[in-house]
Amino acid sequence: MMDFSQRLERVSANPQALTQFGRGLEREALRITPQGKLSTQPHPVGLGSALTNKWVTTDFAESLLEFITPVSRDVDELLSQLSDIHKFSYSQLGSEILWPMSMPCYVGDESDIELAQYGSSNIGRMKTLYREGLKRRYGSIMQIISGVHFNFSFPDSFWQQLFGDQSEDERQASVSESYFALIRNYYRFGWLIPYLFGASPALCGSFLKKDGAKLDFQKTGKGTYFLPKSTALRLSDLGYTNHAQSALKIGFNHLAQYLDGLQKAIHTPSEEFADIGVKVDGQLRQLNTNVLQIENELYAPIRPKRVTNSGEKPSEALERGGVEYIEVRSLDVNPFSPIGITSDQVRFLDLFLTWAVLSPSDDMDDAELACWRDNWKKVVLQGRDPELQLQIGCRGERLPLRDWALRVFSELEQVAVAMDQANGGNSYQQTLATLTGWVNDPELTLSAQVLRHIEANEGIGKFGLELAAKHAEWLNTQSYSRYSQSDFESEAAASVMKQQQIEQADEVSFEAFLADYFADLQQNPFKKA
């Protein structure tokens, strides 16, 4: 069996294998007033239909925008596309601006958060009902925490170099197996991402419920709480998590195991969620009472994905054709970037994910997975502590975070050299050199920078509002580089027509639609007796 260096040498023999990565970005951002309050206005008409616009939609709430780029093979093009989407959106926001941080601005009451609306079609109503279930299960404030999702795939030339000639079935099996190996290594070493790029070391006091009382928070300004050495509280139990899922046993050793675990989760009844009810006094409250209403409710830092066909569920797509790409979900919004992410972050992800797929990756049982998750928790809560020790699997061995990170970086350097040789220039080596400095000095990391600004501004509110205004001014002065105003206006108009066509095409009632959608559930709440 080849080791990491041998695999890297093999794929490097074809420069296209390291220059044609598929990348896509999804950035979430809350609309706020110039005074820093959460917007209570509906989705801007000029942005078209949130159901069908390919570039601009909403996530949990009407006020939570989501910007989506197409797949790009070039880093600069990818970020320019995202910048153009931001610029157009600002042209439709009026006086509103975008909150620049992962943790929300001040929210007076959860009732101020209106669920995202997608029209009167069955699929649109299902999307809103799903969010109603999330609200009743976990609360609305948690659901408006923002992040950046990074979608990534290796080109065919990469797999050809790695595996040589194979039949179509053999190739897809090898690709799926490799992506799951990557996912396992992501759980083992992906704590590097919140260490370097975590940008939520502080939060509003409204997040501090009984769980928060166990942590030694300090306070600054008006109601801002922080942990001095934390990196990404968004990824902690105080943030975007689901305690009910902690008992789920979803493995990542191969596709069949993952799909089996996911299906069990979707079909597992929850006593806690059963107490909410599905339909009470004629009002629908959630899609069902299982641990997961649908597959998207699974909270995970990384997911295997495949583009779905019309009407197809994500797991059905994976079962049909195997893993096509992975979705990295552990990135905080970078508050210092007007678009929430930088080229250095994208290039580091290129390096890390390539290293993760080429490095040895043994199978992982539930106990070992729990041990690696414990490392993530430590990094999230105290990652900038120079004395922090991380465990190596479950064997009782420990290593300082800095030492372990530098071991990984020594191999990332080999990847960076290979990528720069393939792409020309030295961008990847420059990125790695910069971030090596962050490994050696935790005070250079994003979370440390954010915390210094928060303390200097006496809280999240003032700092976030000043950044939001600065980003708005910058985006409004930029010129389009990949698209045009008319491109976005045409898509907005077309999306409205698409939504109308979907609404007119519905032939069954909403509950009949749901009964058919969940036909495989033993306890289908919409199935007629």
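The values are calculated or read from the model by the stated rules, or taken from the named source; none is laboratory data. The structure presented is a predicted model; accordingly, all values stated were derived computationally and were not measured. All Cβ positions, even for glycine, are placed from backbone atoms using ideal geometry, and neighbour counts span all protein chains on display. Ligands, DNA and RNA are excluded from the accessible area calculation, which covers all protein heavy atoms including side chains. Shrake-Rupley method; radii C 1.70, N 1.55, O 1.52, S 1.80 Å.
Brief remarks on what is shown
- Rg/Rg_ref, segment 370-522, where Rg_ref = 2.2 N^0.38 Å and atoms are Cα: 1.68
- For segment 25-31, putting each phi into the Karplus relation 6.51 cos²θ - 1.76 cosθ + 1.60 with θ = phi - 60° gives couplings of 10, 10, 10, 9, 7, 7, 7 Hz, in residue order, rounded to whole numbers and with x for Gly and Pro.
- Close amide H contacts of Lys313 (hydrogens built in the peptide plane, cut-off under 5 Å, sequence separation of 5 or more or a different chain): none are found.
- Kirkwood hydrodynamic radius of the chain, from inverse mean 1/r over distinct Cα pairs, in Å: 24.1 Å
- Counting 0.36 nm for each residue step from Asp74 to Ser410 and taking away their Cα separation leaves a gain of 118.4 nm.
- For segment 450-499, dividing the convex hull volume of the Cα atoms by the residue count gives 128 Å³ per residue.
- Spatial separation of Cα centroids for segment 330-383 and segment 471-529, in angstrom: 31 Å
- Computed from label points 7 Å out along Cα-Cβ, the spacing between Glu507 and Gln16 is 4.4 nm.
- Shown in residue order for segment 328-337 are the 3J(HN,Hα) couplings computed by the Karplus curve 6.51 cos²θ - 1.76 cosθ + 1.60 at θ = phi - 60°: 8, 10, 9, 8, 5, 5, 7, x, 8, 9 Hz (x for Gly and Pro).
- In sequence order, segment 113-120 has phi-based couplings of 9, 8, 4, 4, 10, 10, x, 9 Hz under the Karplus curve 6.51 cos²θ - 1.76 cosθ + 1.60, θ = phi - 60°, and Gly or Pro positions carry x.
- Cysteines in the chain lacking a second Cys C-beta under 4.7 Å: Cys105, Cys204
- In the context of the full set of protein chains, the chain has a per residue accessible area of 42 Å² (1.4 Å probe).
- Under 5 Å between amide hydrogens, built in the peptide plane, is the criterion, and for Ser49 it picks out Ser495, Val496 among residues at least 5 positions away or on other chains.
- Heavy atoms of Trp474 accessible to a 1.4 Å probe, total area in Å² rounded to 10: 110 Å²
- Stokes-Einstein diffusion coefficient of segment 246-353, Kirkwood radius over Cα pairs, 20 °C, 1.002 mPa s, in µm²/s: 130 µm²/s
- Label separation (Asp516 vs Lys37): 4.4 nm, computed from points 7 Å beyond Cα along the C-beta direction.
- Spin-label pair Ala494/His267, simplified geometry with 7 Å Cα→Cβ offset, distance in nm: 4.0 nm
- Where the alpha-carbon atoms of segment 386-447 are placed on the principal axes, they occupy 43, 27, 14 Å, in descending order.
- Within the chain, helix-based [θ] at 222 nm, where runs of 4 or more DSSP H residues each add -39,500 (n - 2.57), nearest 500: -14000 deg cm²/dmol
- Leading residue at positive end of dipole, the chain (Cβ point charges), from Val415, Pro201, Leu444: Pro201
- Stretchable slack from Ser174 to Ile276, in nm (0.36 nm times residue separation minus alpha-carbon distance): 32.4 nm
- Using Cβ point charges alone (K and R +1, D and E -1), the dipole size of segment 287-357 about the Cα centre works out to roughly 40 debye.
- Within the accessible surface of the chain, defined with a 1.4 Å probe on protein heavy atoms only, the carbon and sulfur portion equals 47 percent.
- Overall, the ratio between the Cα radius of gyration of segment 140-239 and 2.2 N^0.38 Å, rounded to two decimals, is 1.59.
- With all protein chains modelled, accessible area of Arg320 [1.4 Å, Å²]: 120 Å²
- Reachable lysines, given that their alpha-carbon falls under 29 Å from the alpha-carbon of Lys229 and they are not under 8 places away in the same chain: Lys37, Lys209, Lys210, Lys214, Lys219, Lys377, Lys378, Lys462, Lys470
- Between Ala202 and Leu233, the built amide H atoms are under 5 Å apart, and every one of these is 5 or more places off in sequence or on another chain.
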